[in-house]
Each structure stands twice: as C-alpha cells, then as structure tokens.
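Taken together, the values in this text are just the output of simple stated rules run on the coordinates, not laboratory data. Values in this document were obtained by computation on a predicted structure and should not be read as measured data. Glycine also receives a Cβ, built like all others from the backbone with ideal geometry; neighbour counts cover every protein chain displayed.
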Amino acid sequence: MVQLIVGRKGKGKTKQLLDKVNAEVKDIAGNVVYLDKSTKHMFELNNKIRLINVTDYMISNSDGFLGFICGIISQDHDLQQMYFDSFLDIACLKEGDLDDVVAKLEAVSEKFGVDFVLSVSVDEHELSETVKPKVIVSL
C-alpha cells in the first residue's frame, strides 16, 4: 500500500509523518525505515525506527532511488513499513514523474508486503486522479 501526505512546503507534512511513524511503530511486528534528506529529525524518531539519510548514497534519478529501495527491502525480510520525507527531493523526481514512481512503489509493496507513506510537497488538487485516492492527509 502506498499512502501520501500532501501539501505545500511549510504546511506541517513532516510533523504529520513523524507522528504517524512514531504511533505505528508501537503496534507493528516488523521493522520500520524512515528516509529523509538529512538526519535533522533523528531525535524525534522512536529508537526502533531506522533513519537513512538518502543524500549519503549518491542517488541521481528516480530509477536509482527505486533500486535503492529494493536493495533495502532485499536486506531486511522483516521490513514492514517505509516512510519517505521530502519524497520529491529524495526520489529525484521531475515534474510529471510522480504517477509512474508511485505505481512502481505500489508494485513493490504488493510483491514484498512493505507499506510506504510519502510526504509530497504538492497540493492535492495538483495530483492526477490515479494518485488522489492514496492521499491520507492533505494540508
């Protein structure tokens, strides 16, 4: 399953994402990974959550990002959820690529049983009709 938290920059998406991941980790049996473009939120995350600073890994396009995600999944068979803050930045997405990458993440989710929650700096009305049903919070 892929879920989105959407809204323009500065609207509070990161706080929503942090609250959700910290609440979910208490009731989850598997592992949880949080991907961000820095380690700024390290102390706001429960210590059971693995924080990965994506900028350390020289990812330069969305295909590289998807390969990176699959690599993480291949190394952790107990992985149950992944949270992506600043999704457009860490996934190196260009305008119009969101639908394609979300569809690929949905396929990865179904195949490996990993749920994804994405923080996306876009207003809900700017999303396509295929992605809109995945929105869980619109700010």
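Only the Cβ atoms of Lys and Arg (+1) and of Asp and Glu (-1) were treated as charged; on that basis the dipole of the chain about its Cα centre amounts to roughly 420 debye. Its Cα centre serving as origin, the stretch 39-115 has a Cβ charge dipole (Lys and Arg +1, Asp and Glu -1) of approximately 280 debye.
For Ile28 and Lys132, a Förster radius of 30 Å and the Cβ-Cβ distance give a FRET efficiency of 0.70, rounded to the nearest 0.05. Extension gain, Asn61 to Cys92, is 10.7 nm, computed as 0.36 nm per intervening residue step minus the present C-alpha separation. If a spin label sat at a point 7 angstrom from the Cα of Leu139 along the line to its beta carbon, the backbone N atoms of the stretch 1-20 nearer than 16 Å would be those of 4-20. From its DSSP helices (H runs of at least four residues, each -39,500 (n - 2.57)), the chain gives a residue-normalised ellipticity at 222 nm of -10000 deg cm²/dmol.
So for the stretch 99-139, taking the charge dipole from beta-carbon charges (+1 Lys/Arg, -1 Asp/Glu), which of Pro133, Ser109, Ser119 sits furthest toward the positive end? The listed residue farthest towards the positive side: Ser109.
Taking 0.36 nm per intervening residue step and subtracting the Cα-Cα distance, what contour gain separates Asn46 from Glu106 on full extension? Let's see the in-between values first.
Details: separation 60, 0.36 × 60 = 21.60 nm, distance 2.59 nm.
Extra length from Asn46 to Glu106 when fully extended: 19.0 nm.
Taking a sphere under 13 Å around the Cβ of Asn31 and counting the other residues whose Cβ falls inside, with K and R at +1 and D and E at -1, yields a net charge of -2.
Would you kindly calculate the translational diffusion coefficient of the chain, applying Stokes-Einstein with the Kirkwood radius from alpha carbon pairs, for 4 °C and a viscosity of 1.567 mPa s, and quote it in µm² s⁻¹ without decimals?
Taking Rh from Cα pairs, D becomes 86 µm²/s.
How charged is the neighbourhood of Gln80? Take every other residue with its Cβ under 10 Å from the Cβ of Gln80, and add Lys/Arg as +1 and Asp/Glu as -1.
Cβ neighbours under 10 Å give a net charge of -4.
Over all pairs of distinct alpha carbons, what does the Kirkwood formula give as the hydrodynamic radius of the stretch 7-72, in Å?
Computed over Cα pairs of the stretch 7-72, the Kirkwood hydrodynamic radius comes out at 13.2 Å.
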